[in-house]
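Working notes, beginning with the structure itself.
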Amino acid sequence: MTDSTMTADLDVRLEKHRVELTGYCYRMLGSSFEAEDAVQDTMVRAWRNYEKFEGRSSLRSWLYRIATNVCLDMLTAGNKRARPMDLTDSTPLAQAALSPRPDHTWLEPMPDARILPTVEDPAEAAVAKESVRLAFMAALQQLPPKQRAVLILREVLAWKASEVAELLDTTVASVNSALQRARATLAEREGHGADAKVSDPLDEEQQKLLDRYMAAFEGYDMTALTALLHEDAIMTMPPFDLWLTGHDDITGFMTTLGSACEGSRLVPVQVNGLPGFAQYKPDPEAGGYTPWAVQVLEISEGRLTGFHFFLDTKRWFPLFGLPLHLDALEAESDQVEEGV
């Protein structure tokens, strides 16, 4: 086998693990782009050091060891990414002000396709989806980095305690202790959005709810939208730290500070194990529609309990493979199909 053939073969073997490693690094870091950077660093380190790989563990385990070390190095700064409701109290509509915070403050959205590998076991797929939902991700951010790694490896990826101990160069007793502490912290911290219940695939009731939401939002029908929202529903808009509670304040915001969203078009996306939409609002200068937000929806008991608008569209829309302009309504489905 020639060197070039061996190199190509190794590239293929490494690439097979990219999606699951990205999911792992995303859970560790809470950032879409940092996760992808961490995986790329992992792949480069693995490629450069493959001759030192002695095969005592599987290639997959070795890659996870490298990825864990990369993530732990990146987390030494101690930054904990968050949602607006993790940082401030809810703001009444009368006091609403749009105050941005730096990008590194926020927990970031991620397309399912980049972090959820295809698996045959429905139960395994459900656990994977639940483990990237915003509420769970925000709770993970409250854990010290090594506890975070232990919990993800044990609870999400179903590694044995002995395997985690070997990966982290520690003892099984230490792993079990870290897992117990992490579980206790999560039980206290999940908070808003932890009750989101979404079937995979969506059941008929949930799909109808999304269809009604899409019609209400695109029609900017606040009466119809109110009927879909739980009375304690919340709305967030990173990078702004403002968040609103209750359908009156939410719809009031949408008809005042958020009134420029009237006439928007929504394109379905799968994001963080939840249903969502890419929102395009009218572009009065160029015509057509311009990207405005990636929306992530939380559903519980037949109502929307949370919807989260991630507004940094120059970053998010390319990540989701979405076009940066819709010329006209009739072009929408074709353009999005090509992009996704």
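The values are calculated or read from the model by the stated rules, or taken from the named source; none is laboratory data. Because the structure is a prediction, the values reported are computed rather than measured. With ideal geometry, Cβ positions are generated from the backbone for all residues, glycine too; neighbour counts draw on all protein chains shown. Just so you know, the surface numbers come from the protein's heavy atoms only, side chains and all, with ligands and any DNA or RNA stripped out. Shrake-Rupley method; radii C 1.70, N 1.55, O 1.52, S 1.80 Å.
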Members of region 315-340 found to be out of contact with any Leu (no Cβ under 9 Å at 6 or more places or on another chain), surrounded by fewer than 14 Cβ atoms within 10 Å (Cβ to Cβ), at pLDDT 65 or above and of a type outside the set (Gly, Ala, Ser), listed by number: Leu324
Odd one out for Ala158 among (1) open to solvent by less than 30 Å² (accessible area, probe 1.4 Å); (2) part of a loop (DSSP other than H, G, I, E, B): (1)
Hits in region 262-280 - residues which are surrounded by fewer than 17 Cβ atoms within 10 Å (Cβ to Cβ) and touching a Lys or Arg at 6+ places or on another chain (Cβ under 9 Å): Glu262, Gly263
Residue identified as without any contact (Cβ under 8 Å) to a residue 12 or more places away in the chain, among the aliphatic types (A, V, I, L, M) and assigned to a helix (DSSP H, G or I) among Ala67, Ala126, Ala94: Ala94
Tally, over region 129-149, of residues that are farther than 29 Å from Ser300 by Cβ and either open to solvent by less than 10 Å² (accessible area, probe 1.4 Å) or assigned to a helix (DSSP H, G or I) (or both): 3
Some residue of region 84-105 being over 24 Å from Ile299 (Cα atoms), hydroxyl-bearing (Ser, Thr, Tyr) and out of contact with any strand residue (DSSP E or B) (no Cβ under 9 Å at 6 or more places or on another chain): no
Residue in region 103-118 that is part of a loop (DSSP other than H, G, I, E, B), open to solvent by 50 Å² or more (accessible area, probe 1.4 Å), among the β-branched types (Val, Ile, Thr) and within 28 Å of Gln270 (Cβ to Cβ) present: yes
Which numbered condition Glu166 fails, given (1) charged (D, E, K, R); (2) assigned to a helix (DSSP H, G or I); (3) within 29 Å of Thr305 (Cα to Cα): (3)
Selection status of Ser177, under 22 Å from Pro268 (Cα atoms), among the polar types (S, T, N, Q) and either assigned to a helix (DSSP H, G or I) or at pLDDT below 85 (or both): no
Residue count for region 161-172, restricted to those that are surrounded by fewer than 19 Cβ atoms within 10 Å (Cβ to Cβ) and either of a type in the set (Val, Ile, Thr) or more than 23 Å from Ser58 (Cα to Cα) (or both): 3
Qualifying residue in region 60-69 (condition: modelled with pLDDT of 90 or more and under 24 Å from Trp316 (Cα atoms)): yes
Test for Leu168: is it over 27 Å from Ser199 (Cβ atoms) and of a type in the set (A, V, I, L, M): yes
Residue list for region 37-64, restricted to those being within 17 Å of the chain's Cα centre (by Cα) and crowded, with 19+ Cβ neighbours inside 10 Å: Ala38, Val39
Matching option when the condition is in contact (Cβ under 8 Å) with a residue 60 or more places away in the chain, surrounded by fewer than 20 Cβ atoms within 10 Å (Cβ to Cβ), within 19 Å of Met110 (Cβ to Cβ) and of a type in the set (Asp, Glu), among Asp248, Asp312: Asp312
